[in-house]
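The structure appears below as structure tokens.
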Amino acid sequence: MKPSKKIHVDKESFQDIAKRSNPGRVLKRKYRKKLATGFMSGLTTLLGPEHICVDCGANVGEVAGDLAATGAQVHAFEPDPYSFGELTRKFGSAKNVHLYNQAVGVGNGTINIYRKKAFDDDQQWNSLTTTTILNENSEKGLEAVEIEQIDLEAFLLKLLKKQEIAFLKMDIEGAELEILERLVQTDIFTKIRATAVEIHPWMFSGSKRFKSLRAIATERPEFNLNLDWY
């Protein structure tokens, strides 16, 4: 009897399954990705060494790298130890990139990030879903890693004492909701030229809070708040 062939299932196969199960969401993500790519192309042509950018949820540095290439001062936050190691390897010697192995939130303290238990099987891929949010919609069997959290508003205000912030980006896997609500209350977005956020409403079942934030972003154009980042 011939030995059976080993079946290889790669990430693209799982993505194909996702497309079949929820094609509308996949199309929306593709659309947001195109918008984000166009936005970054335009933004980077306007940035220079005199500007400050803040990247929250920098992961392995795709956005931080584009921002740093303009000569702008880039403050990059990444709580995941693996991703932060990659950031350090890429930008540890860059004088205009400032790295923080911390999560951003409302208030200072110590919190957990949650990663898949099979995280080590593909660290770069799995690091994309590392989150600080654990609720009824979270994947089961996640592993907790204790990390430091800093108060994002306080950090931004400290930077703003020196000069205006050109760009704030947040992709922090659900933690953005509480931060956005806080920053809206204090009108700090009027002091930041542009803010782009990837929101994760599916992590908050039945929540109307994201809908309220979208309404505020429309009603307050001076906020320059884009909630469709990819």
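What number of residues within the stretch 170-201 satisfy the criterion of being on the phi > 0 side of the Ramachandran plot and over 17 Å from the mean Cα position of the chain (by Cα)? Walk me through how you get there before you give the answer.
Looking only at the stretch 170-201, we keep the residues that are on the phi > 0 side of the Ramachandran plot, and these are 173-174, 187.
Then drop every residue that is not over 17 Å from the mean Cα position of the chain (by Cα), which leaves 187.
Count: 1.
Mind telling me which of the residues Lys95, Lys33, Lys90 ends up being part of a loop (DSSP other than H, G, I, E, B) and among the charged types (D, E, K, R)? It would help to see each step written out before you state the result.
Numbers: Lys33 fails: part of a loop (DSSP other than H, G, I, E, B); Lys90 fails: part of a loop (DSSP other than H, G, I, E, B).
Among Lys95, Lys33, Lys90, only Lys95 is part of a loop (DSSP other than H, G, I, E, B) and among the charged types (D, E, K, R).
Only one of (1) touching a Phe, Trp or Tyr at 6+ places or on another chain (Cβ under 8 Å); (2) at pLDDT below 95; (3) crowded, with 18+ Cβ neighbours inside 10 Å is not met by Asn59, so which one is it?
(1)
Could you count how many residues in the stretch 174-199 are touching a helix residue (DSSP H, G or I) at 6+ places or on another chain (Cβ under 7 Å), in a loop (DSSP other than H, G, I, E, B) and not polar (S, T, N, Q)?
2
Here is a check on your reading of the model: is Asp80 under 17 Å from the mean Cα position of the chain (by Cα), among the charged types (D, E, K, R) and either at pLDDT 95 or above or farther than 26 Å from Ile111 by Cβ (or both)?
In short, no.
Here is a list of conditions, (1) crowded, with 19+ Cβ neighbours inside 10 Å; (2) without any contact (Cβ under 8 Å) to a residue 40 or more places away in the chain; (3) of a type outside the set (Ser, Thr, Tyr); (4) not in a strand (DSSP E or B), and Gly71 meets all of them except one; can you say which number that is?
For Gly71, the exception is condition (1).
The values are calculated or read from the model by the stated rules, or taken from the named source; none is laboratory data. As the structure is a computational prediction, the values presented were derived from the model and not from experiment. Here the Cβ is made from the backbone with ideal geometry for all residues, glycine too, and neighbour counts use every protein chain on show.
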